[in-house]
Amino acid sequence: MVTDIMLAAALVLFFEGALYALFPDGMKRMMVTAMGTPSHILRIFGLAAAVIGVILVWVIRG
């Protein structure tokens, strides 16, 4: 279980780092857009992403 969590954290770091390395200007634009988005909208999308992530892990891990 701990190994799975560490692997998941490593994958998040990899994908986020890859996005910044490959698309630095796009990531800057995304941050500016996020700053202008109301907090409740960010919260809803964050919660939705977390729920989808949990469901995907549940389905994949069986």
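The values are calculated or read from the model by the stated rules, or taken from the named source; none is laboratory data. Treat the numbers as computed from the prediction; the structure is a model and nothing was measured. Virtual Cβ from ideal backbone geometry, glycine too; neighbours counted across all protein chains shown. Heavy atoms of the whole protein, side chains included, go into the accessibility calculation; ligands, DNA and RNA do not. Shrake-Rupley method; radii C 1.70, N 1.55, O 1.52, S 1.80 Å.
Annotations
- Condition check for Asp4: open to solvent by less than 90 Å² (accessible area, probe 1.4 Å) and charged (D, E, K, R): yes
- The stretch 41-62 residues that are open to solvent by 100 Å² or more (accessible area, probe 1.4 Å), paired with ones that are modelled with pLDDT of 95 or more (beta carbon under 9 Å, 6 or more apart): Phe45/Thr37
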